[in-house]
Every structure is written in C-alpha cells, then in structure tokens.
Amino acid sequence: MKSSTMQGARILATGSSVPDSYINNHKISEMVDTSDEWIVTRTGIKERRLLTGTNQSIIDLAVLAAIRALNKASMNPLKIDLIILATSSPNDLFGSASQLQAKIGAYKAVAFDLTAACSGFVLGIVTASQFIQNGTYQNILVVGADVLSKWTDWSDRSTCILFGDGAGAAIVQACSIKDNGILGFQLNTDGTQYNKLSIAYKEEMYPHPTLQLFQGSFKYITMNGKEVYKFAVSKVPSSILECLKLLNISTNDIDWLLLHQANERILNAVADKLSIHSSKLISNLSQYGNTSAASIPLALDEALAENKIKKDDIIVISGFGAGLTWGTVIIKW
Ligand code: UT7
C-alpha cells in the first residue's frame, strides 16, 4: 500500500444469485449445429442459467445477490456509502445502479454503473478499495451482474454456447491498515482491439426524414473467439506476474487463482504458465458458463460457501474481456 493510505480495505461478505431456468448443451445442440461433446471439450461448460419470462431484469438478480451479502454481514443497507454496479447489460442506458440502490433501501449511498464487460468486477473492487483506502468511504457494495442471454444471437454457435446470466456481490469495508486485505492491483486496456468482442451500436439504413438524423440500436454479441482466447492466455499471466512483483509475492504464496470464468482451457493454460497447480483453481464454469461481470463474485461466493478459502489465504483474481480490458487484484482473505 502507498504511504498516503488512510485506512485498509477488505471484503467483508459476499452474495450471489442466478436465475432458476437453465439451458444445457443438449438443448443448445437442438438449436444450432453443435454437440455436448464439442462444447465440453472446447470450453468445459455443461449448462448456463437464463433470465427468462417477463417482469424480471438484471436488477432482480443484483438485488438478491446484494441482500444475501448484506445479510451475511448483518449490515443495515443505510450504512452503505457507495454502490458500484459492474454490468454491460443494464436495463437502462442511463445507468441501473440507482434502481439497485432504491430496491435494497440503501438511500444514503451514491450509486453508479461501471461498464467494463468481464473485467467489470475487478475494476469495481479496485475502485471501491481506492475510495476506502483514501479515507472517503467506509462501506461499499460492489455488484457484478450481467444478463448476456439478452444480447446473444441464439443462432450463432460460436457465441451462444458460452454465455449465461447471474449476479455476485461483495461488501468492501474499511479496516485498520494492518488488516488491509486488498493488497494491490494491475489494470490494462487495449482499445485498438475493441472490435474483437463487442455489442456494437448499429445505425438504421435511413435517416429521420426531417432531421436527417441517423438513429439505431444495439444488436448482438460479436466475437473473434480465437483472438480473444490468444489475448487472454498471453496477457493474463503477465498481468498477474506484474502484480505479484509489485507486492513482492511469489507464485508459491498463492492459495487460490480465481480467473474470469470464460473457458476451462483458458483457466488451465493460465495456471500452467504460472506453474500453479490446478487444485488451486476456482472454477464453476461447467454450471454457469461465462456470466461476464458476475463470474468472479459468483465463483468467490461459492468457494466461500464451500469453506475452501481460509483466513489469510492469498487469492489472485483476474478479469479479462471486451475493451479489450484485463487486470488483476490480489486479496488477502
Ligand atoms: O468473456 C470474454 C472472454 N471470452 C473468451 O474468453 C472467449 C475466448 N474464446 C474461446 O473460448 C474459444 O475460442 C471458443 C470456445 C469460442 C471457440 O473454441 P476454438 O477452439 O477457438 O474453436 P474455433 O473458433 O477455432 O473453431 C474450431 C472449429 C471451426 O470449424 P472449422 O473451421 O475447423 O471447420 C468452427 O466452425 O469449430 C467450429 N465451431 C464449432 N463446432 C461445433 C465453432 N463453434 C462451434 C460449436 N460447435 N459451437
């Protein structure tokens, strides 16, 4: 930590939520030309959750995840100073975080959205830690939530096998400097590669007749899977190593490697490059697929529920995805 740090920051509690409806590989293979065998061997994914039906939105998932985290911490929502909702699939382009604020009754909290796709939760935790470590706030709710099923082209086999819906929440709280748990971070963006993974805004063919103004809408996810795969396997290990070096921590000291749940092969390749044994990898990809900003907090919440993570464990967390963005935050539990 820098010497200007006023107080420490640590994750106090987590929560998560996924929709009840799910779609498995067999069902997808009835819709597009694919197979359970192809999907499992190439990605590790067996099924994913989908937010189906009407009158349900990303906010319902985010609210449930947040309430579960608040309950675990026995915290009154009025104690929350700031809410960061990391999402790339809001139900309001002006921002959805304020709906979350109102629905959980966190009326004293400032709330804003953070858009950084699958790196969103890492950026959210880093942003929260800065507000706490510089002494501005005491309690921050960070939620990673995405419903990419709404933006998936269900006739495109190269993407529809990957994504699922979910939400995960973490309460970051101030603590003494000696108990600081958010040890350091390393973040990156390469905007020259933005079109490798995108939900692009598309203009209509014809302009408004009077104004000559082109309007449009957002369409489906497009992805160059091979390129994104190569990017992840080469950049994520470098980010982790750089972050470890900054903190003078060795790869041998890592207890858990928690990567954005994109593809089992990516998780294994990153662990291999860092010579980290696969038993230290946290993975729930087979059940949920890639839930974008939700994937890390969802997996963290499950690992905690299974009592895998113990006090003082070092957890290396890395997110990567559209932007392209990638980054690492290292946590001492
Ligand atoms: O959250 C953001 C981060 N996103 C990611 O990390 C995604 C990274 N990319 C990936 O995970 C992988 O690239 C995919 C899982 C998307 C694709 O796996 P791949 O091993 O890179 O496959 P590929 O794109 O090289 O395609 C290999 C073959 C192609 O056929 P040909 O040209 O060899 O005849 C594809 O047309 O597999 C074909 N293919 C499929 N076949 C059956 C592509 N998708 C499918 C499919 N089922 N669903």
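A short reminder: the numbers here are calculations on the coordinates, not readings from a lab. None of the values given here were measured: they were computed from a predicted structure. FYI the Cβ positions are ideal-geometry reconstructions off the backbone, even for glycines, and counts take in every protein chain you see.
A few remarks follow.
- Here the extension length gained between K178 and Q56 equals 39.6 nm, from 0.36 nm per residue of separation less the Cα-Cα distance.
- Net charge of neighbours whose Cβ lies under 14 Å from the Cβ of G44, counting Lys and Arg as +1 and Asp and Glu as -1: 0
- Net lengthening on full extension, M6/Q212 (0.36 nm per residue, minus Cα-Cα): 68.8 nm
- Residues with amide H under 5 Å from that of L183, placed H, sequence gap 5 or more: I330, I331, K332
- The ranking of W326, W256, W154 by Cβ neighbour count inside 10 Å, starting from the fewest, reads W154, W256, W326.
- Note on the range 8-179: with charges restricted to the Cβ of Lys and Arg (+1) and Asp and Glu (-1), its dipole about the Cα centre is near 680 debye.
- Rounded to the nearest 20, the size of the Cβ-charge dipole of the chain about its Cα centre is 680 debye, with Lys and Arg at +1 and Asp and Glu at -1.
- Simple rule: put +1 on each Lys or Arg Cβ and -1 on each Asp or Glu Cβ in the range 211-333, find the dipole, and look at P297, S283, A232; the Cα lying farthest toward the positive end is A232.
- Summed residue charge, Cβ within 10 Å of I171's Cβ, Lys/Arg positive, Asp/Glu negative: +3
- FRET efficiency, D253 to S278 (Cβ-Cβ, R0 22 Å, nearest 0.05): 0.80
- Residue-averaged [θ]222 nm for the chain, counting only DSSP H segments that reach four residues, each worth -39500 (n - 2.57): -9000 deg cm²/dmol
- Near A13: Cβ cut-off under 10 Å, other residues only, Lys/Arg at +1 and Asp/Glu at -1. The net charge is +1.
- Fluctuation leader among L257, L148, L274 - the chain, Gaussian network, Cα springs under 10 angstrom: L274
- T136/T222 FRET efficiency (R0 41 Å; Cβ-Cβ; nearest 0.05): 0.60
- Cα-projected label distance for S74 with K311, points at 7 Å along beta-carbon direction, nm: 1.6 nm
- Hz values of 3J(HN,Hα) by residue in the range 109-124 - Karplus curve (6.51, -1.76, 1.60), Gly and Pro given as x: 8, 6, 9, 8, 8, 10, 9, 8, 6, 6, 8, x, 5, 4, 5, x
- In this structure the amide hydrogen of Y22, modeled in the peptide plane, comes within under 5 Å of the amide hydrogens of L50, none closer than 5 places in sequence on its chain.
- FRET efficiency for the pair R157 and E242, taken as 1/(1 + (r/R0)^6) with r the Cβ-Cβ distance and R0 = 25 Å, rounds to 0.10.
- Filter on K79/K310; K196/K230; K196/K235; K72/K108; K79/K108 - keep pairs with C-alpha separation over 18 Å: K79/K310; K72/K108
- Amide hydrogen proximity for D146: with H placed 1.01 Å from N in the peptide plane, the residues at 5 or more positions away or on another chain lying under 5 Å are G166, A294.
- Using C-alpha pairs under 8 Å with a sequence gap of at least 6, the mean separation divided by the residue count of the range 8-179 gives a relative contact order of 35 percent.
- Between R157, R68, R48, the residue with the greatest mean-square fluctuation in the GNM of the chain (Cα pairs under 10 Å linked by springs) is R157.
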